[in-house]
Amino acid sequence: MEKLQRGKRVERYETVRLRKDGWKINVSLTISPVKDANGRITGFSKIARDITENKRIEAEFQRLNEELEKRVAKRTAQLEATNAELESFTGSVSHDLRAPLRALQGFAHALMTDYADRLDDTGKDYCQRVVNASARMDSLIQDLLSYSQLGRTDLQLKALDLSVVMADVKQQLESDLREKKVELTVEGVLPVVLGNRATLGQVLGNLVSNSIKFVAPGVTPQTRIRAEYRGEFVRLWVEDNGIGIAPEHWERIFRVFERLHGEETYAGTGIGLAIVQKGVQRLGGRAGVESAEGQGSKFWIELKKGQG
């Protein structure tokens with residue numbers, strides 16, 4: 001070997017040797033040149049180590065890795081097929097289920113308009129119930145679609161000015177804010193975060209919508225938006241003067257279909273806060289609430305700081 005000829009030591013040189021019983025083994029050799037007083041090589045010393053078991057383990061690891069890669073590839077293909085089916089199902093739900101609902105609403109409206117003189121009060125009440133139920137079902141379908149899409153959409157995150165997102169939310173909720181004479185206050189200048197404009201707009205829209213919905217009768221909704229830095233994160237607060245939430249319910253309100261009040265008291269599908277939590281998680285953050293019954297609520301979301 002060239003290294004040995006130069007008088008250098010060779011370590012971990014692997015080869016195959018035959019034992020006395022004729023069995024082949026893997027051997028790792030360390031070969032060192034032996035020199036005389038004048039530095040001339042007079043021979044070599046060898047240290048041999050049986051690495052047959054190591055080789056067997058390495059081969060087993062390689063086999064397992066190859067098997068795992070095949071399983072991952074198969075599972076990935078299955079997931080891609082499932083996602084394709086979900087996309088198809090989503091389109092079907094969006095079109096095929098909502099179309100009959102719109103028909104129900106249309107016919108019920110037609111009955112109340114064109115046949116009002118032939119319907120008694122009970123008949124008119126039944127028609128109105130059909131309209132309300134179909135509208136609620138339509139809202140429920142839309143919210144379920146929004147929730148399911150959050151888990152499948154590939155979100156592109158970038159630096160995002162929260163002031164721009166809040167402008168989107170105000171425009172989105174303009175009629176509700178005006179109708180309920182909401183006192184909406186944005187404290188200070190909102191910072192830049194790492195996010196996705198559409199998803200974050202949906203999250204903040206749901207939080208602001210909740211803040212103006214869950215207030216006691218006769219109370220003017222007051223919503224306060226503020227932000228604070230927490231290390232590498234920004235915490236955005238949405239505070240209200242609503243009916244509040246008891247501490248034992250803080251976690252469950254973020255689950256799908258969890259409602260603390262009946263539909264007849266406060267309208268909604270029970271999915272809004274689940275969308276908030278899911279959306280924030282997809283943005284790499286987290287969400288929570290601080291509240292007490294009768295003392296309003298302070299919802300918050302934390303997102304990574306962005307470079308403005």
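The values are calculated or read from the model by the stated rules, or taken from the named source; none is laboratory data. All values derive from a computational prediction rather than experimental measurement. A quick note on method: Cβ atoms are made from the backbone with ideal geometry, for glycine too, and the neighbour counts reach across all protein chains shown. Just so you know, the surface numbers come from the protein's heavy atoms only, side chains and all, with ligands and any DNA or RNA stripped out. Shrake-Rupley method; radii C 1.70, N 1.55, O 1.52, S 1.80 Å.
Could you rank 146, 139, 28 by how accessible they are, 1.4 Å probe, largest area first? Walk me through the numbers before you get to the answer.
Numbers: 146 30, 139 55, 28 10 Å².
The ranking, largest first, comes out as 139, 146, 28.
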- Within straight-line cross-link reach of residue 24, lysines at Cα separation under 21 Å, skipping those fewer than 8 residues along the same chain: 46, 55
- Heavy atoms of residue 252: accessible area, 1.4 Å probe, square angstrom to 10: 70 Å²
- Near residue 131, within a Cβ-to-Cβ distance under 14 Å, what is the net charge of the other residues, with Lys and Arg +1 and Asp and Glu -1? +2
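Enter the per residue convex hull volume of segment 107-245, computed from alpha-carbon coordinates, in Å³ rounded to the nearest integer.
Roughly 165 Å³ of hull volume per residue.
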- Task: Distance from a point 7 Å along Cα→Cβ of residue 50 to each backbone N in segment 17-33: keep the residues under 18 Å and list them by number.
- Result: 17-30
- How much of the accessible area of segment 8-56, in percent, comes from carbon and sulfur atoms when a 1.4 Å probe is used? 49 percent
- Task: Along Cα→Cβ, 7 Å out, is where each label goes; now give me the distance between the ones at residue 14 and residue 142 in nm to one decimal.
- Result: 6.4 nm
- Message: On a 19 Å Cα-Cα criterion, which of the cross-link pairs 170/278; 213/305; 158/305; 124/213 come out too long?
- Response: 170/278; 213/305; 124/213
- Fully extended contour minus Cα-Cα distance, from residue 198 to residue 73, at 0.36 nm per residue: 41.8 nm
- Segment residue 163-residue 249, extension gain: residue separation times 0.36 nm, minus the distance between their alpha carbons: 27.9 nm
- Query: Accessible area, 1.4 Å probe, largest first: how do 109, 249 sort?
  - Reply: 109, 249
- Note on the structure: With all protein chains present and a 1.4 Å probe, the order of 300, 23 from largest accessible area down is 23, 300
- Message: What distance in nm separates the two pseudo spin-label positions at residue 133 and residue 25, each 7 Å out from Cα along the beta-carbon direction?
- Response: 8.3 nm
- Work out Dmax and Rg for segment 8-80 from the C-alpha atoms and quote the Rg first, both in angstrom. 21.0, 71
- Note on the structure: The extension gain from residue 117 to residue 171, computed as 0.36 nm times the residue separation minus the Cα-Cα distance, is 15.5 nm
